[in-house]
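Written out below as structure tokens is the structure these notes cover.
Derivation of every value follows stated rules applied to the coordinates shown; laboratory data play no part. A quick note: this is a predicted structure, and the numbers were derived from the prediction, not measured. Ideal geometry is used to build each Cβ from the backbone, glycine not excepted, and the neighbour counts take in all protein chains shown.
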């Protein structure tokens, strides 16, 4: 199926605020699955930082955030079995909050890197990826994973393709519906597509993106493949979350629209192309609503050009 974007619904008069909805930015296809372009990333559900083993999140609060996200139209959640803190697991939280899952909900997960209970990292060999897939199935309480991204490290093509081939076999076995790649170069993306269909590429991308990062975005658009940025709000070099000095252009445009800098960054992300999905994550219910409201922020051509120049 050729992916087609769905335009956002017609606006209401300015005097009547439009209801916040994840559908405000339109939709896209992940294979045969339709998702709203504004989704939700589960990385920050477990603690104060993306991989924090020390300070667990408020369990009831983040369960409420997940349920509220779905109420507001989120039908694409990004997660991984290696998202956990000392007392929290993102997959377990998703399962508890949302199972039995709505039919339209698409859950995307990642394999490749792995963490032991102490939080130490390792990278799965091809023969170990089945165990990682099965762990995601168990934690999420599913018989099949909607989308599995192979998280990559390094630039070598051959070992990446070998691991992707192992996932392609699991797709043929029915454990996985669709495959994607993460942190991949253009060459790795092309090599993966020669093995099996790729429905999404999940790479670092934000204001100030490099030429190489933009090339992956461009190629995805040409191939009709979803491009899913991570750290879109935090920006380059701020993996721990948004913070630090903000570019003046972002500040000026946020003030002009009466919105937050995070909303400006998300609006800029979504304007990169109809194939671009956003997966902002938060454990804060107010930030959830603000993130989803960013789908209705419309940057002018001049504002977009100014942000492109950052």
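Given Cα pairs under 8 Å that are at least 6 residues apart, what percent is the relative contact order of the stretch 105-181?
36
Where both residues lie in the chain, what percent of DSSP beta bridges are antiparallel, nearest 5?
Details: 10 of 35 bridges.
Taking every DSSP beta bridge with both residues in the chain, the antiparallel ones total about 30 percent.
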Notebook entry, point to check: Taking the simple approach of a point 7 Å from Cα along Cα-to-Cβ for both residue 156 and residue 194, what is their distance in nm?
Noted result: 1.7
Notebook entry, point to check: Can you give the angle from 0 to 90° between the axis of helix 158-172 and the longest principal axis of the chain, with both taken from C-alpha atoms, to the nearest 10?
Noted result: 80
Notebook entry, point to check: Quick one: helix 261-270 against the long Cα principal axis of the chain, what's the angle to the nearest 10°, folded into 0 to 90?
Noted result: 70
Margin query: Relative contact order of the stretch 160-271, please, whole-number percent, based on alpha carbon pairs below 8 angstrom and at least 6 residues apart.
Written below: 20
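Using only alpha carbon positions, build the gyration tensor of the chain, then give the equivalent ellipsoid semi-axes as the square roots of 5 times its eigenvalues, largest first, whole angstrom. Before the final figure, lay out each step's value.
On the way: eigenvalues 166, 100, 74 Å².
Three semi-axes, in Å: 29, 22, 19.
Do the sum for the chain: with -39,500 (n - 2.57) for every DSSP H run of n ≥ 4, divided by all residues, what is the mean residue ellipticity at 222 nm, to the nearest 500 deg cm²/dmol? All intermediate terms of the calculation are to be shown ahead of the outcome.
Working: 10 runs with 107 residues, N = 310.
Roughly -10500 deg cm²/dmol at 222 nm, from the helical runs in the chain.
Convex hull volume of the Cα atoms in the stretch 270-310, per residue, in Å³?
On the way: hull volume 3.6 nm³, N = 41.
Spread over its residues, the Cα hull of the stretch 270-310 gives 88 Å³ apiece.
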Margin query: Sorted from largest to smallest, which semi-axis lengths in Å does the alpha carbon gyration tensor of the stretch 118-164 give for its equivalent ellipsoid, taking the root of 5 times each eigenvalue?
Written below: 21, 14, 9
Note to self: When only alpha-carbon atoms are used, what values of Rg and Dmax, in angstrom, describe the stretch 75-183?
What the structure shows: 13.5, 40
Next item on the list: Taking the chain as the reference, fit the longest principal axis to its C-alpha atoms, fit the long axis of helix 59-71 to the helix C-alpha atoms, and give the angle between the two in degrees, 0 to 90, nearest 10.
Entry: 70
Notebook entry, point to check: For the stretch 154-213, what size does the Cα cloud have along each of its three principal axes, sorted from largest down, in whole Å?
Noted result: 41, 22, 15
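Please report the relative contact order for the chain, taking Cα pairs under 8 Å with a sequence separation of at least 6, and give it as a percent rounded to a whole number.
Details: 604 pairs, mean separation 57.5, N = 310.
Contact order relative to length: 19 percent.
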